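For reference, the structure is listed below as structure tokens.
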Amino acid sequence: MIPMQFERSAPEAQGIDSAWLVRALEAAQTGARRGVEIHDFLLLRHGKLVCEAYFAPYGPEVKHAIYSQTKSFMATALGLAVGEGRLTLEDRVLPYFPEVNPDGVCENGRKMRVRDLLAMASGHDQDTMDAFRQGGPEAYFALPVPYEPGTHFLYNTGNSNMLGLLVERVTGQSLYAYLKARVFDKIGITIEDGDWDRVRGACSGGFGLHATAMDVLRLANLYLLRGRWQGEQILPEEWVDLVSKKKIDNGDGTDSWGAGYSYQFWMCDYADAYRIDGAGGQQAAIVPSEDMVILFNSALHGEVSDYAQVLARFFVLPGVHKDPLPENPAALARLNALREEIAQPQPRAFVPVPEAALGAWRAADEGAAWSEIEIRRTPGGMGLSLVLRGARIDLELGLDGVRRLSRWHDPEGRAYASCGWGQWSGNRFFGRVTFFPDIPTLTLDIERTPQGLTAWIQTNWVPPIGEGRPQKFRRQA
């Protein structure tokens, strides 16, 4: 069997207007100051790759943290197990965990079926992930279940991890090993065993995968093809039909978060699309009516957390047509130039670090979490050292339009890579550091004032560091 290799095609040949794709990439570029950070954009139409764009330092070989997209991989394994007769969607969940004393489980807990956990309708009123992580199935079933299973939506990652463990029990294999032989090797997914995080000894069913953009595109395309590749029905067609349709309401349908939920897949608020979705903007939208997959990897938080779907709905879909379009050499040339520009950005003129901001600074409050800041000039950028509870973090940020990669250690000694950029305007600096290749970020707002230095360091998807407010620093003697 030949793994999925996608032929490249001009967008117009597949009925897509290149000018709209230019607008999408430009919107991603210009949104950086508002917190828009897109890492990858892949667009597949009629089996042809019409756009493949990577924002440096991301590229085709980078395995990105995909968070809850892991749920769709886990559900794929569960669908295979159902197709092989190892379990059914109507099965009660509790009997698969004989270590749990049923006498201590509430009535609704005993009623939970596999399909209820798949649809995030187990009946819980709080996420069960922490309980599962700490105490396994016993702790999961000890929690209150106030709602009738199947009636109440609550996004609940503990459900996904319970299902992942269930699949490993009925197959006798890890989720990774089970999927590798049946799916990964057949369609060319490059995920390795070490790319899948474990929880309580099992592959995490709800998060923890690291995958290239192409890996996720291949899985999405397998669903687009109704589970069939190279003449083999890899996934049961009935399973594809099930996950592509809404199973429970989760909102009023006015946006992509409230359009409904299926079996570990989200529904979209456009066309007949559904998506493989992970925190921070890891989204692969499968659009059967357009024979298309729209994929983004990102680091999106707060008000722009849904920006990947904004790009899909308002910048990609308007350019899609049923039939091929006339060639548009000018738009295609601009698209290709833009792809090159974001993949290999060239240094541009910049405002250097003001002389008055250079040097070492100590927190005015002796009890502050961030106790020291040191600012220095580097070629094309700025060196920034932060001391957090005695641990020093050394970062380099590009001021010339090129993000810099740094490697540093947190207070527990764990190694991280990050990419950072920023700009000075007068005596004020705004910048951003993103863990690489991941989504946690530090947003930096630093100002040199007559009294010293004021720094506001905000965090996303890492535990709050500091006081969550501007902090004063004085020149270190």
Tell me the residue from Val316, Val353 that is closer than 30 Å to Val462 by Cβ and at pLDDT 95 or above, please. Val353
Sort out which residues of segment 450-471 are within 28 Å of the chain's Cα centre (by Cα) and either surrounded by 13 or more Cβ atoms within 10 Å (Cβ to Cβ) or modelled with pLDDT of 95 or more (or both), and write them in order of number. Trp456, Ile457, Gln458, Thr459, Asn460, Trp461, Val462, Ile465, Gly466, Glu467
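Take the residues in segment 334-350 that are open to solvent by 60 Å² or more (accessible area, probe 1.4 Å) and part of a helix (DSSP H, G or I), then tell me which one is nearest to Phe429 (Cα to Cα). Write out each step before concluding.
Restricting attention to segment 334-350, the residues satisfying the condition of being open to solvent by 60 Å² or more (accessible area, probe 1.4 Å) are 334, 336, 339-341, 344, 346-350.
Of the ones still in play, those that are also part of a helix (DSSP H, G or I) are 334, 336, 339-341.
Working: Arg334: 32, Asn336: 32, Arg339: 28, Glu340: 28, Glu341: 25 Å.
In this case the residue turns out to be Glu341.
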Arg474 versus (1) surrounded by fewer than 15 Cβ atoms within 10 Å (Cβ to Cβ); (2) in a strand (DSSP E or B); (3) under 23 Å from the mean Cα position of the chain (by Cα): which is the lone unmet condition? (3)
Just wondering, is there one or more residues in segment 110-118 that are at pLDDT 95 or above, part of a helix (DSSP H, G or I) and over 31 Å from the mean Cα position of the chain (by Cα)? yes
Only listed residue being touching a Phe, Trp or Tyr at 6+ places or on another chain (Cβ under 6 Å), small (Gly, Ala, Ser) and farther than 24 Å from Phe435 by Cα, chosen from Ala19, Ala75: Ala75
Segment 362-400, subset of a type in the set (Val, Ile, Thr) and open to solvent by 10 Å² or more (accessible area, probe 1.4 Å), residue farthest from Phe473 (Cα to Cα): Thr378
What residue, of Val100, Val82, is of a type in the set (A, V, I, L, M, F, W, C), open to solvent by 10 Å² or more (accessible area, probe 1.4 Å), outside any loop (DSSP other than H, G, I, E, B) and modelled with pLDDT of 95 or more? Val82
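What do you reckon, is Gln126 free of Cβ contacts under 8 Å to residues at least 24 places away in the same chain and out of contact with any Asp or Glu (no Cβ under 7 Å at 6 or more places or on another chain)? Quick ask: steps written out before the conclusion?
Numbers: free of Cβ contacts under 8 Å to residues at least 24 places away in the same chain: no; out of contact with any Asp or Glu (no Cβ under 7 Å at 6 or more places or on another chain): yes.
No, not satisfied.
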Positions within segment 212-261 being part of a helix (DSSP H, G or I), over 18 Å from Val293 (Cα atoms) and among the aromatic types (Phe, Trp, Tyr), in sequence order: Trp239
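Yes/no per residue for (1) on the phi < 0 side of the Ramachandran plot; (2) crowded, with 22+ Cβ neighbours inside 10 Å; (3) more than 18 Å from the chain's Cα centre (by Cα); (4) free of Cβ contacts under 8 Å to residues at least 60 places away in the same chain:
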site	(1), (2), (3), (4)
Asp193	yes, no, yes, yes
Arg200	no, no, yes, no
Thr212	yes, yes, no, no
Val216	yes, yes, no, no
Arg226	no, no, yes, yes
Gly231	no, no, yes, yes
Glu237	yes, no, yes, yes
Subset tally (residues that are in a strand (DSSP E or B), more than 12 Å from Gly420 (Cβ to Cβ) and touching a Lys or Arg at 6+ places or on another chain (Cβ under 7 Å)) for segment 384-407: 1
Any residue in segment 322-330 that is at pLDDT 95 or above, over 22 Å from Lys246 (Cβ atoms) and surrounded by 16 or more Cβ atoms within 10 Å (Cβ to Cβ)? yes
Pick from segment 121-169, criterion β-branched (Val, Ile, Thr) and part of a helix (DSSP H, G or I), ranking: surrounded by the most Cβ atoms within 10 Å (Cβ to Cβ): Val167
Please identify the pairs in which a residue from segment 298-320 that is open to solvent by 10 Å² or more (accessible area, probe 1.4 Å) and in a loop (DSSP other than H, G, I, E, B) has its Cβ atom under 8 Å from the Cβ atom of a residue that is among the aromatic types (Phe, Trp, Tyr) and modelled with pLDDT under 95, counting only partners at least 6 apart or on another chain. His301/Trp461; Asp306/Trp257
Would you confirm, using the coordinates I've provided, whether Ile248 is surrounded by fewer than 22 Cβ atoms within 10 Å (Cβ to Cβ) and out of contact with any helix residue (DSSP H, G or I) (no Cβ under 9 Å at 6 or more places or on another chain)? yes
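Go through Glu26, Glu12, Glu61 for me and flag whichever is open to solvent by less than 50 Å² (accessible area, probe 1.4 Å) and in contact (Cβ under 8 Å) with a residue 60 or more places away in the chain.
When all the criteria are applied, what remains is Glu12.
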Residues (open to solvent by less than 10 Å² (accessible area, probe 1.4 Å), assigned to a loop (DSSP other than H, G, I, E, B) and touching a residue at least 40 places away in the same chain (Cβ under 8 Å)) located in segment 262-279: Ser262, Tyr263, Gln264, Phe265
Scan segment 401-415 and tell me whether some residue there is out of contact with any Ser or Thr (no Cβ under 7 Å at 6 or more places or on another chain), of a type in the set (Asp, Glu) and open to solvent by less than 40 Å² (accessible area, probe 1.4 Å). yes
So, in segment 416-449, exactly how many residues are within 17 Å of Gly31 (Cα to Cα) and loosely packed, with under 14 Cβ neighbours inside 10 Å? 0
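The values are calculated or read from the model by the stated rules, or taken from the named source; none is laboratory data. Because the structure is predicted, anything quoted here is derived from the model rather than measured. A quick note on method: Cβ atoms are made from the backbone with ideal geometry, for glycine too, and the neighbour counts reach across all protein chains shown. The accessibility values were calculated without ligands, DNA or RNA, using every heavy atom of the protein model including side chains. Shrake-Rupley method; radii C 1.70, N 1.55, O 1.52, S 1.80 Å.
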